[in-house]
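Below is one structure, written out as C-alpha cells, with a few remarks after it.
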Amino acid sequence: MKPAALVLTAFALVAALGACTDSKRARNAATFGDTPADITCWTYGTETFKGRSTGKVERDDGRIAFVDAANGRYTTVDGECRVIYSK
C-alpha cells in the first residue's frame, strides 16, 4: 500500500471512530443517567401520548415507563414511542 493511501485510510478510520463516540456517549448518558425526555407515542398511527418525563425512561417489551412531569405520577405507555432526551 502506498504511503498516501495509508494516511488516507488512517484519517478515515479516525473519522469513523469519532462519529461513533458521540452517539455512544449520548446512549450511555440516556441509559445510565437520569435525564428528562420529551415523549411522543402512537398506536396505529394515532398519537396516544405526548408529554415529558421527570427523569429516566425505561423500556421493557414494547412498553415504556417513566414519571410524568405534568402530574408526577408513574406512567406506562404501550405503542411506538419517540423519546428525545434533553442535554
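The values are calculated or read from the model by the stated rules, or taken from the named source; none is laboratory data. Owing to the predicted nature of the structure, the values given are computational and were not obtained by experimental measurement. These area figures cover heavy atoms from the full protein model, side chains too; ligands, DNA and RNA do not enter into them. Shrake-Rupley method; radii C 1.70, N 1.55, O 1.52, S 1.80 Å.
Can you find, within the range 29-70, the residue that is nearest to residue 87 (Cα to Cα) among those that are among the hydroxyl-bearing types (Ser, Thr, Tyr) and in a loop (DSSP other than H, G, I, E, B)? Before you say what the answer is, go through the steps one by one.
Taking the range 29-70 and keeping what is among the hydroxyl-bearing types (Ser, Thr, Tyr), we get 31, 35, 40, 43-44, 46, 48, 53-54.
Restricting the remaining residues to those that are in a loop (DSSP other than H, G, I, E, B) gives 35, 44, 54.
Numbers: 35: 8, 44: 30, 54: 13 Å.
The selected residue is 35.
Condition first: among the aliphatic types (A, V, I, L, M) and open to solvent by 50 Å² or more (accessible area, probe 1.4 Å). Now tell me which residues in the range 54-81 satisfy that.
67, 69, 70
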